[in-house]
1. When each pair of different Cα atoms in region 1-155 is counted once in the 1/r mean, what is the Kirkwood radius in angstroms, to one decimal?
2. Go through 87-100, 243-256 and give me the packing order, highest mean Cβ count within 10 Å leading.
3. What does the C-alpha gyration tensor say about the overall shape of region 39-92? Classify as rounded when a/c is under 1.5, otherwise prolate if a/b is larger than b/c, or oblate.
4. Please work out how much length the chain gains when fully extended from residue 43 to residue 252, using 0.36 nm per residue of separation minus the C-alpha to C-alpha distance, in nm with one decimal.
5. State the Cα centre-to-centre distance between region 49-100 and region 168-216 in whole Å.
6. For 159, 20, 198, 167, what ranking results if the residue with the fewest other Cβ atoms within 10 Å of its Cβ goes first?
7. Please arrange 133, 101 by counting, for each residue, the other beta carbons lying within 10 Å of its beta carbon, fewest first.
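Coordinate-derived values only; no laboratory data. All values reported here derive from a predicted model rather than from experimental measurement. Cβ sites come from the backbone with ideal geometry, for glycine too, and all protein chains shown count toward neighbours.
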Ligand SMILES: NC(=O)c1ccc[n+]([C@@H]2O[C@H](COP(=O)([O-])OP(=O)(O)OC[C@H]3O[C@@H](n4cnc5c(N)ncnc54)[C@H](O)[C@@H]3O)[C@@H](O)[C@H]2O)c1
């Protein structure tokens, strides 16, 4: 039976890379995003996957939108083997430079949206788990939720919250054979951070440190780890947060 995954924030970056990776591994994938144009482009680029790919307009900051999307998913597929929550936003600024609107937006998407997606997907994942099928959740945390950095206190707080949700949900959902994990990437080359990385860009974004491998991550680097967590190989892995940072925060590098 084909495995079915839903991926939020799949129109761009890591979500899009994960959709491709799972499609290449034979999954059926439902891509969800609030960016309709991005979804249309993805569907055009991925026609080779035929009817194993479906797109759904979904704004994870809206309760109605998320509830409606997962009801539709339930009616169409009856169950779900995997959920990847990649929808996210980044707002940069020190305490006094951050607006209340930006703070609220960060939590509405990165925390409440992710929690809501998991809540609405859970009955469908439990059905798969009860049948002995794969039932997996992978959240996008961030290395900045583990080692926080200046100028992104609110973003870091959202990612620490994602880590807390991962651990508690993993234990709560284990009896239903739903495994819950997170990945914590350092800087990844996606539209979220690309404008900040351009030489001469006048923003306060900083990476979490120099990558010991000498390059920042590509979405494919993160998608590969997510695909592992979604696979049979990770059948005894739950409640973990896997850094995908090439060792960036593994050891302090003193200034020379
Ligand atoms: N790029 C990085 O350096 C990096 C590092 C660590 C963690 N992350 C996390 O990885 C995830 C994916 O980020 P990315 O780098 O691929 O960014 P991205 O901007 O390329 O993709 C994010 C996607 O989320 C969608 N999205 C935003 N708000 C939404 C909403 N309310 N409802 C539905 N979709 C929404 C966007 O439309 C976009 O398609 C995020 O959670 C981000 O915080 C990114």
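1. It works out to 16.1 Å.
2. Answer by packing, highest mean first, reads 87-100, 243-256.
3. Oblate shape, in that a/c is at least 1.5 and b/c is the bigger or equal ratio.
4. 71.0 nm
5. Using only Cα atoms, the two centres lie 17 Å from each other.
6. Ascending Cβ contact count within 10 Å gives the list 198, 167, 20, 159.
7. Ascending Cβ contact count within 10 Å gives the list 101, 133.
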